Amino acid sequence: MSDEERNRLSARAARYAQVGTRVGGVAARMASARLRGRDMFDDANAAAFTAALGSLKGPMMKVAQFLATIPEALPQDWADRLKQLQSNAPPMGAGFVNRRMMAELGAGWRAKFSTFDLHPAHAASLGQVHRATSLDGRPLACKLQYPDMTSVVEADLKQLDILFALRRRLNTALDTREAAKEIGARLREELDYEREAKHVALYREILGDRTTQTNVRVPGVWPDLSTRRLITLDWLEGEPLLDFKSASQEARNTIATAMFRAWWHPFIKLGIIHGDPHLGNYTVFRDGSGEAAGINLLDYGCIRIFPPSFVKGVVDLYRGLRDADEAAIAAAYETWGFRGLSSQLRDVLNIWSRFIYGPLLDDRVRPIAEGVSPGEYGRTQAGRIHEGLKQHGPVTVPREFVFMDRAAIGLGGAFLHLDARLNFYAMFNEALVDFDVDTLAQRQAAVLQKAGLSAPT
């Protein structure tokens, strides 16, 4: 069958016009400020840029949120504003949803469900989620992609290239071209719901399914009710994570422990991370006594599979920082993809590394950061990196850094919201027991083959 929503020139042109109308006006203001010798990145332009992206929704805003977590990719006040953007797009109406479902499952699509709510339970940047019930009465979550998203993503990625080029002209200390490639690759993957179904199968293999006695629950996929642009999963009942901010310390620690396991264990054991630690991608389930028992992991579009050598580099950097071994630190950065670093640039990168690894190096019960609000998490370190790169740059951000960094910042922010107090050192080193890169490579190959996914290159 022909794909009527392939990457179409007409749809791209419409998106170019939409982006140009909103973002182009901000770019003109910035150019005018530069000609007049004023700061292009002042508060007024930052506010205008944030408003423009917030009105666009879709992938362009998602890209902006990625950039907000990379130190020095954007001015700090711009990054702070972009972190506040929400990913909720205006939902598709009931009539439109009916036509979309017909296109995915055929004219008799309603007969495949016992019930289907045409009004979305959640609306996000690339699609929206509908509650439904299977013919045998089981609750379902149906994620339906917005129309023409392939064309929209391609148009937005072209605009991203322009924004990155402008930033490079103004800030030669940081080369973000590799980061742009990584963001593009992952966004394109997120459009493929057939791939996402394989990601779900992968995580069920790693963490267990909803019936397993575990503190992390993974839904099942309904293949007969899924397509490239529609994925149907079990609906996992749970409560929003932020509803537990005032729960007992024990409950908050239980939730944070589950989140730590869902993120670090797949990475250390298999080189795989959940790359979108948005708070909305977790809900909390309770045990029979009504206490918080763990998390439901809900979204699997943004899963990053790393080469085993990269995981070894992450472990080697941790051990190098722990042992103050400069040679090991330098070798680890090379493995990460940083090239030709001077000792001064390594010192600058160590500011960020010690910030990320800090709780994992401290053998005591503690919060993820002390005396810091979620909104301020990483801000001081980013400011120090800014000054260091101005003096000792340039440096190219390797592709692998983008999602590793984004996920770590998102996870840390969630721990701060919960005010979790754990021995992160003990938890991390437990995951590191018997770490061996060759064993990891064998395990990774086995689980990827079972899920029908390819090994990373």
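The values are calculated or read from the model by the stated rules, or taken from the named source; none is laboratory data. No experiment lies behind these values; they were computed from the predicted model shown. Neighbour counts are summed over all protein chains in view; Cβ atoms, including those assigned to glycine, are modelled from backbone coordinates with ideal geometry. Each accessible area value is taken on the protein alone, full model and side chains, heavy atoms only, with ligands, DNA and RNA left out. Shrake-Rupley method; radii C 1.70, N 1.55, O 1.52, S 1.80 Å.
Values for this structure:
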read-out: Pairs, first over 9 Å from D234 (Cα atoms) in region 128-143, second in a strand (DSSP E or B) and basic (K, R), C-beta under 6 Å, six or more apart; value: V129/K143
read-out: All positions within region 89-111 that are modelled with pLDDT under 85 and either in contact with an Asp or Glu (Cβ under 6 Å, 6 or more places away or on another chain) or within 30 Å of G137 (Cβ to Cβ) (or both); value: P91, M92
read-out: Residues satisfying the stated conditions in region 273-307, i.e. open to solvent by 10 Å² or more (accessible area, probe 1.4 Å), closer than 21 Å to D192 by Cβ and assigned to a strand (DSSP E or B); value: R304, I305
read-out: Pairs, first in a loop (DSSP other than H, G, I, E, B) in region 236-255, second open to solvent by 40 Å² or more (accessible area, probe 1.4 Å) and not charged (D, E, K, R), C-beta under 9 Å, six or more apart; value: L236/P139; L236/L298; E237/P139; G238/L298; K245/H417
read-out: Among the residues listed as E430, E387, the single one being open to solvent by 50 Å² or more (accessible area, probe 1.4 Å), at pLDDT 85 or above and among the charged types (D, E, K, R); value: E430
read-out: Among (1) surrounded by fewer than 15 Cβ atoms within 10 Å (Cβ to Cβ); (2) under 25 Å from G271 (Cα atoms); (3) among the acidic types (D, E), the one test that E370 misses; value: (2)
read-out: Region 277-304 residues that are without any contact (Cβ under 8 Å) to a residue 24 or more places away in the chain and on the phi > 0 side of the Ramachandran plot, paired with ones that are of a type in the set (A, V, I, L, M) and open to solvent by 30 Å² or more (accessible area, probe 1.4 Å) (beta carbon under 8 Å, 6 or more apart); value: none
read-out: Extreme residue, farthest from the chain's Cα centre (by Cα), among residues of region 250-272 that are open to solvent by 10 Å² or more (accessible area, probe 1.4 Å) and over 13 Å from A293 (Cα atoms); value: K269
read-out: Those residues of region 373-384 which are buried (at least 18 other Cβ atoms within 10 Å of the Cβ) and either at pLDDT 75 or above or out of contact with any Asp or Glu (no Cβ under 8 Å at 6 or more places or on another chain) (or both), in sequence order; value: Y377, G378
